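The values are calculated or read from the model by the stated rules, or taken from the named source; none is laboratory data. Only a predicted model underlies this, so the values are computations on that prediction, with no experimental measurement involved. Cβ placement follows ideal geometry from the backbone for every residue including glycine, while neighbour counts extend to all protein chains displayed. Accessible surface areas use protein heavy atoms only, side chains included; no ligands, DNA or RNA. Shrake-Rupley method; radii C 1.70, N 1.55, O 1.52, S 1.80 Å.
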Amino acid sequence: MFLPLDKNVRSIALIGPLADSRHDILGSWTGDGKAEDAVTLLEGIKAKVPQTKINYARGCDITADKTDDFEEALRAAKESDVVVISVGESADMSGEAASRSSLDLPGRQLDLVKAVQAMGKPTVVVLMNGRPLTINWIAENSPAILETWFAGTQAGNAIADVLFGDVNPGGKLPVTFPRSVGQIPLYYNHKSTGRPPDAKNKYTSKYLDVAWTPLFPFGYGLSYTQFKITNLQLSEQHIPLNGKLRVSADVENAGKRTGDEVVQLYIRDVAASVTRPVKELKDFQRITLKPGEKRRLEFVLTAAELGFWNREMRFTVEPGEFKVMVGSSSEDLLEASFQVEKR
């Protein structure tokens with residue numbers, strides 16, 4: 001694992017148009033945040049490792065189609081042991097009345113990332129953005145990606161805490177990252193198609209030029225440790241319409257660092273009077289575990305979680321088969337089934 005960075009590293013190249021921007025780090029909805037109060041990533045890293053030489057280079061502008069400053073960035077990378085490159089969107093590119101027709105990194109930022117990584121130095125990509133981006137090349141070629149969104153006035157300090165391991169990240173994506181704008185709309189709780197994707201069957205719902213799966217699914221996020229979720233159990237196989245179901249699973253920290261895991265519970269109503277999503281997030285628990293620690297979590301499902309608004313706009317629970325799924329993201333799930341019965 002490339003992250004966290006060693007605090008004893010001799011030199012770091014900090015590159016990118018967002019690495020020292022007080023305005024952009026606040027995003028479009030700043031509330032009481034003021035640019036003059038913002039801590040940039042450059043300032044946060046300098047404060048975290050004051051003994052380390054920081055070679056800063058902007059590299060390019062966010063949207064401009066110029067590479068004039070690439071040479072300075074490549075020189076900074078060459079003279080450093082590690083590279084941190086901050087790319088993404090400007091604050092005014094998201095929020096109200098700020099739509100984009102492309103989700104690629106704007107301007108020449110991707111070219112900058114490619115050029116820097118071609119230097120062969122260990123590289124961390126720090127994203128600052130207000131929406132999911134299509135970052136396929138970075139996902140396939142960069143050893144570490146830190147999604148920071150627009151983190152506000154203390155962004156520089158917070159990002160530095162994560163980069164150097166003072167904080168073990170435990171966040172999960174609240175949205176789905178597509179591979180291409182052609183996949184949109186793309187969300188985890190979609191309705192079932194009559195022709196689910198099948199790689200062996202041409203006449204099913206998929207694409208000729210890209211995988212049908214997301215680049216990063218809803219609920220996804222890594223940590224500096226590893227977790228195992230096992231032993232999914234249901235308290236009952238059959239419950240009445242107004243009954244309760246207890247769902248439990250073991251969560252173990254199988255790594256060497258204390259960390260947080262967000263255990264997510266999804267359900268699927270297999271057959272109902274109106275079509276239901278293939279899965280719906282109904283609960284989650286964030287827990288902190290020490291290395292080697294194991295804990296059993298329990299969730300409770302009731303009519304409030306199992307019901308839906310029917311065609312008469314009445315909230316109802318219908319009898320039938322349900323699936324319950326537990327895991328660390330919407331795509332990494334243990335599964336069990338139970339029946340709701342009319343008694």
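Some observations on this one:
- Where Thr213 falls short, out of the listed (1) open to solvent by 40 Å² or more (accessible area, probe 1.4 Å); (2) touching a Phe, Trp or Tyr at 6+ places or on another chain (Cβ under 7 Å); (3) touching a residue at least 60 places away in the same chain (Cβ under 8 Å): (2)
- Filter result for Thr316 (β-branched (Val, Ile, Thr) and either modelled with pLDDT under 95 or surrounded by 14 or more Cβ atoms within 10 Å (Cβ to Cβ) (or both)): yes
- Options Arg286, Arg296, Arg276; residue that is surrounded by 18 or more Cβ atoms within 10 Å (Cβ to Cβ), on the phi < 0 side of the Ramachandran plot and among the charged types (D, E, K, R): Arg276
- Matching residues in the stretch 216-242 - criterion: being in contact with an Asp or Glu (Cβ under 8 Å, 6 or more places away or on another chain) and assigned to a strand (DSSP E or B): Phe227, Lys228, Ile229, Thr230, Asn231, Leu232, His238, Ile239, Pro240
- Residue match in the stretch 173-195 (condition: aromatic (Phe, Trp, Tyr), surrounded by 15 or more Cβ atoms within 10 Å (Cβ to Cβ) and assigned to a loop (DSSP other than H, G, I, E, B)): yes
- Hey, Asp24 more than 23 Å from the chain's Cα centre (by Cα) and either within 30 Å of Gln226 (Cα to Cα) or of a type outside the set (Lys, Arg) (or both) or not: no
- On the stretch given as the stretch 306-340, residues that are β-branched (Val, Ile, Thr) and within 13 Å of Val270 (Cα to Cα) total 3.
- Residue count for the stretch 111-143 under the criterion of being open to solvent by less than 10 Å² (accessible area, probe 1.4 Å), within 17 Å of the chain's Cα centre (by Cα) and without any contact (Cβ under 8 Å) to a residue 40 or more places away in the chain: the result is 1.
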